[in-house]
Amino acid sequence: MPNLDTNLVSRQVVQHAEQISRLRHDVDRLASEITDAYADLVSRVEAVATAEDNSSAFPTAWNWRTLGPKASEELWKQLSDWVTWIRHRYPLAKKIPRCWGQHPEVVEELTALWVAWQAAYEKHDGFLTAAADWHDRWLPGVLHRLEHGSFALDCAMHHQERPAGVYASATEP
């Protein structure tokens, strides 16, 4: 009989150990989620505090024509990072050619799309439907113009230069 009790106790110990292991896993997962949520909250609070200190911290319209070299460099880095992200986030955004930066009209379109995205996702006092509007109107509009519009590109496989004369010189009226 003592052997049966030992086996029963052994099974119960194993079951309890398995339960403890599952509970530890759940606690670790929850701790990770709480840590991530806390970091996100701190980031948002810092962004709001920065926005109060610097009104240009949130979306503003960019005008490539009037930017100085340092601002252009910073904008280019931010826009490039965002375009890289969006091309990976949205499979449809693969319509944005890899050589987008070599087409000034595409740079302007993507800059405008990015500003609209910022207004939808980063502006804290914007319309609640702004993100849906961005998905329904702004993203499809740009992608349509890239594929079918007046400046449709044929750069799927490799960059295609525009014919000479397509871009007017800066001094032409």
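The values are calculated or read from the model by the stated rules, or taken from the named source; none is laboratory data. Being a predicted model, the structure only gives us computed values, none of them experimental. Positions of Cβ are backbone-derived with ideal geometry, glycine not excepted, and every protein chain shown enters the neighbour counts.
Observations, loosely collected:
- Checking residue 75 against (1) surrounded by 11 or more Cβ atoms within 10 Å (Cβ to Cβ); (2) modelled with pLDDT of 80 or more; (3) closer than 19 Å to residue 141 by Cβ, the condition it does not meet: (3)
- Some residue of segment 122-137 being closer than 21 Å to residue 64 by Cα and either assigned to a loop (DSSP other than H, G, I, E, B) or at pLDDT 85 or above (or both): no
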